Amino acid sequence: MSVTYQTIEGVTGQVMFDSHVAVLLDQAVALVNTLTAGEARGRDYAAPRGAELAAAVDAAMPPASFSLPRTLDAAEAEYLAAAARRMRAVFQAAQDEDLDAAATTVNDLLRDSGARPHLDRREGEPWRLHFHGADDSFAAGSTASCATALALAVGGSLAGRLGVCRAERCDRVYVDTSRNAARQFCSTACQNRTKAAAFRARKGAGG
């Protein structure tokens with residue numbers, strides 16, 4: 001995955017993620033939410049395993065979304081599942097404002113995936129910055145790209161934009177790209193569910 005540097009400032013003056021880093025963060029979110037167990041929108045969520053895992057990776061990361069060669073055997077799928085669990089720890093640490101833990105986990109991901117910047121281009125296209133080696137496997141290269149995006153967030157004063165859903169019985173993660181940094185939920189469904197629960201509570205209390 002390539003990155004160009006075009007930053008966007010919110011109304012608060014805080015520099016936001018450039019468009020390609022945002023894509024990589026979305027990939028990290030998709031991996032975490034698809035491949036890690038927990039709770040989702042009020043229900044238990046069992047992470048895919050075994051024969052279901054490769055299909056789950058394809059759902060989280062459609063083949064057209066990455067330029068890396070697509071080789072996804074059982075070992076590659078397991079690699080990405082393990083990486084997703086580590087990425088979840090980054091989101092949780094950021095939510096808890098434990099930047100030391102977030103940075104340590106990101107550094108481990110960068111090291112283990114072999115993330116390294118280099119310029120590359122396709123014929124007829126401009127040079128662009130990539131964060132994985134040309135010969136990396138799909139799993140390692142994808143992890144390296146996502147880990148670098150997380151590093152840019154944690155190291156760029158934007159760790160507060162990495163969140164874990166605050167709705168009851170949901171621990172899916174998200175990246176807050178709102179102008180006022182007010183997002184608290186992974187989805188509109190969880191936001192509406194929380195509002196409905198609050199309304200029922202007020203009504204039951206006679207409010």
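Structure notes:
- When T143 is tested against the conditions (1) touching a Ser or Thr at 6+ places or on another chain (Cβ under 7 Å); (2) closer than 15 Å to A103 by Cβ, the lone failure is (2).
- A82, sole failed condition from (1) surrounded by fewer than 17 Cβ atoms within 10 Å (Cβ to Cβ); (2) over 15 Å from the mean Cα position of the chain (by Cα): (2)
- When A75, A89 are screened for being in contact with a Ser or Thr (Cβ under 7 Å, 6 or more places away or on another chain), at pLDDT 90 or above and not basic (K, R), only A89 passes.
- Scan region 151-170 for residues that are surrounded by fewer than 20 Cβ atoms within 10 Å (Cβ to Cβ), touching a residue at least 60 places away in the same chain (Cβ under 8 Å) and of a type in the set (G, A, S) and the total you get is 3.
- Residue match in region 128-150 (condition: surrounded by fewer than 17 Cβ atoms within 10 Å (Cβ to Cβ) and closer than 20 Å to F17 by Cα): yes
- Of all the listed residues (A89, A47, A103), the sole one being part of a loop (DSSP other than H, G, I, E, B), farther than 27 Å from R122 by Cα and either without any contact (Cβ under 8 Å) to a residue 24 or more places away in the chain or not basic (K, R) (or both) is A47.
- Odd one out for G124 among (1) in contact with a Leu (Cβ under 9 Å, 6 or more places away or on another chain); (2) exposed (fewer than 14 other Cβ atoms within 10 Å of the Cβ): (1)
- Filtering A189, A196 for residues that are surrounded by fewer than 14 Cβ atoms within 10 Å (Cβ to Cβ) and not in a loop (DSSP other than H, G, I, E, B) leaves a single hit, A196.
- Selected residue [surrounded by 15 or more Cβ atoms within 10 Å (Cβ to Cβ) and modelled with pLDDT of 95 or more] from V106, V21, V57: V106
- Scoring G114 on the criteria (1) in contact (Cβ under 8 Å) with a residue 40 or more places away in the chain; (2) under 30 Å from A55 (Cα atoms); (3) surrounded by fewer than 18 Cβ atoms within 10 Å (Cβ to Cβ); (4) out of contact with any Leu (no Cβ under 9 Å at 6 or more places or on another chain) leaves a single failure, condition (1).
- Selection count where residues are more than 30 Å from A46 (Cβ to Cβ), in a helix (DSSP H, G or I) and either in contact with a Lys or Arg (Cβ under 9 Å, 6 or more places away or on another chain) or among the charged types (D, E, K, R) (or both), scope region 124-174: 0
The values are calculated or read from the model by the stated rules, or taken from the named source; none is laboratory data. None of these values were measured; they are calculated from a predicted model. For neighbour counting, all protein chains shown are included, and Cβ atoms are generated from backbone atoms with ideal geometry for every residue, glycine included.
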